[in-house]
Amino acid sequence: MKQKVGIGYDLHRLVEGRKLLIGGIEVPYEKGSLGHSDADVLLHAICDALLGALGKGDIGEHFPDTDPQYKDINSVILLEKVVRLVKNEGFVIRNIDTIIITEEPKLKNYKPEIRKKLSELMDLDQGDIGVKAKTMEGLGPIGNKEAIAAYATVLISKH
Ligand code: MG
């Protein structure tokens with residue numbers, strides 16, 4: 001059996017007048033993440049973790065932010081494309097672990113919903129998905145509520 005791990009990271013600025021999408025879930029907040037797509041920081045980190053495990057570049061190469069077809073695109077569609085790539089290479093996603101770093105809003109009440117959404121998107125048991133939330137203790141741009149970031153790791157395998 002061949003097993004591969006991948007790591008992904010993403011950060012987006014938080015601005016007024018945008019929706020805050022995290023893991024395909026809209027989280028109510030006075031600001032949202034800025035980006036060419038819908039700027040879902042968690043799904044972007046997961047896409048990069050999967051692409052990294054496959055050795056197939058990064059999200060910017062696959063879905064360039066200069067390409068009008070990806071303007072305001074739902075990142076669920078991007079993840080679905082990446083998951084299809086994983087399957088086409090003969091791999092199965094075994095588990096995924098993530099960290100979302102944001103000072104606000106508190107994600108405690110949204111983590112179960114995010115986890116459920118991720119399990120649907122990647123055809124994984126919820127027990128194989130980690131969703132953790134951290135703050136920056138008020139430090140730096142994330143602590144200042146000017147940005148949100150996410151990390152993801154993933155294990156894929158094939159026989
Ligand atoms: Mg991004």
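The values are calculated or read from the model by the stated rules, or taken from the named source; none is laboratory data. All of these numbers come straight from a predicted model, not from anything done at the bench. Note: ideal-geometry Cβ built from the backbone for every residue, glycine included; neighbour counts use all protein chains shown.
Among the residues of the stretch 1-12, those identified as of a type outside the set (Gly, Ala, Ser), in a strand (DSSP E or B) and either out of contact with any helix residue (DSSP H, G or I) (no Cβ under 8 Å at 6 or more places or on another chain) or away from the ligand (no atom under 14 Å from the Cβ) (or both) are Lys2, Gln3, Lys4, Val5, Ile7. Assessment of the stretch 24-39 against the conditions (out of contact with any His (no Cβ under 7 Å at 6 or more places or on another chain), under 17 Å from Thr153 (Cα atoms) and not β-branched (Val, Ile, Thr)) yields no matching residue.
Of all the numbered requirements in (1) within 14 Å of the ligand (Cβ to nearest atom); (2) out of contact with any strand residue (DSSP E or B) (no Cβ under 6 Å at 6 or more places or on another chain); (3) among the β-branched types (Val, Ile, Thr), Val27 misses one, and that requirement is (1).
Within the stretch 128-150, residues that are on the phi > 0 side of the Ramachandran plot and modelled with pLDDT of 95 or more sit with their Cβ atoms under 7 Å from residues that are among the acidic types (Asp, Glu) and surrounded by fewer than 17 Cβ atoms within 10 Å (Cβ to Cβ), at 6+ positions apart or across chains, in these pairs: Lys145/Glu104. Filtering the stretch 55-88 to residues that are of a type in the set (S, T, N, Q) and outside any helix (DSSP H, G or I) leaves Thr66, Asn74. Among the residues of the stretch 32-54, not a single one is outside any helix (DSSP H, G or I) and more than 14 Å from the ligand (Cβ to nearest atom).
Among residues of the stretch 30-43 that are more than 20 Å from Thr66 (Cβ to Cβ), those with a Cβ under 8 angstrom from a residue that is within 10 Å of the ligand (Cβ to nearest atom) and part of a loop (DSSP other than H, G, I, E, B), sequence gap 6+ or separate chain, pair up as Gly32/Ala39. Only one entry in Glu104, Glu113 is part of a loop (DSSP other than H, G, I, E, B), surrounded by fewer than 18 Cβ atoms within 10 Å (Cβ to Cβ) and touching a residue at least 60 places away in the same chain (Cβ under 8 Å), namely Glu104.
Scanning the stretch 116-127 for residues that are within 15 Å of the chain's Cα centre (by Cα) and free of Cβ contacts under 8 Å to residues at least 24 places away in the same chain returns Lys116, Ser119, Glu120.
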